[in-house]
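Down below is the structure, laid out as C-alpha cells.
The values are calculated or read from the model by the stated rules, or taken from the named source; none is laboratory data. Fair warning: this is a prediction, and the values are worked out from it, not measured in the lab. Here the Cβ positions follow ideal geometry from the backbone for every residue, glycine too, while neighbour counts run over all protein chains shown.
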Amino acid sequence: MRIRIRRNSEPFPYGVLVFCVFVSLMLLSAVLYFVTGGAGLCLFHKFTGVKCPGCGLSRAWVALLQGRILRALSLNPLMLIFSLLFTLHMVLPVLFRIQISYEISGREQRFILAIGLILLLLNWLYIVLPA
C-alpha cells in the first residue's frame, strides 16, 4: 500500500456541491436528533425491528461533540473509525488543503474489505446483543 499526502490548490477537492450536501446532511441529522428528542431515525430499525450496525451513530456524534468520548464509543464502537476517516478525508482537505490518496493492490483491497466486514459484524453484535 502506498499513501500519498499532498498539498491541494483547491479548498474543496471533492467539489463545493459535495461538501455543501455533506454539511447539509450533517446539520439536518443534528436538527432531527434534537427535534425528536433522540427518537430513532433509523429506517432499518423501524421496518425490521432489529438494530442496524449504524444504530447509535447519531447519538455517538452528539456525545463526541459534547466531549464525552467514552460515551460515544460505548454507543457505537465504529464511531472511532468513522471519526478518523471523516477527519482524514473531509476536514483536512478543507481546512489545510491536504489531500490523502492511496494506491492499493487487489490483494490489499480484499484484505481491507475482509477486516472492514469483520469489524462491522463485531460492531453489529455489540449493538444487537444485550449487555
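Key figures for this structure:
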item: Breaking point among (1) over 16 Å from the mean Cα position of the chain (by Cα); (2) hydrophobic (A, V, I, L, M, F, W, C); (3) at pLDDT below 75, for Cys42; result: (1)
item: Subset of the stretch 61-101 [of a type in the set (Lys, Arg) and out of contact with any helix residue (DSSP H, G or I) (no Cβ under 7 Å at 6 or more places or on another chain)]; result: Arg68, Arg97
item: Residue tally, condition exposed (fewer than 11 other Cβ atoms within 10 Å of the Cβ), of a type in the set (D, E, K, R) and either modelled with pLDDT under 90 or not in a helix (DSSP H, G or I) (or both), over the stretch 71-118; result: 1
item: For Trp124: the one exception among (1) surrounded by 14 or more Cβ atoms within 10 Å (Cβ to Cβ); (2) free of Cβ contacts under 8 Å to residues at least 12 places away in the same chain; (3) of a type in the set (A, V, I, L, M, F, W, C); result: (2)
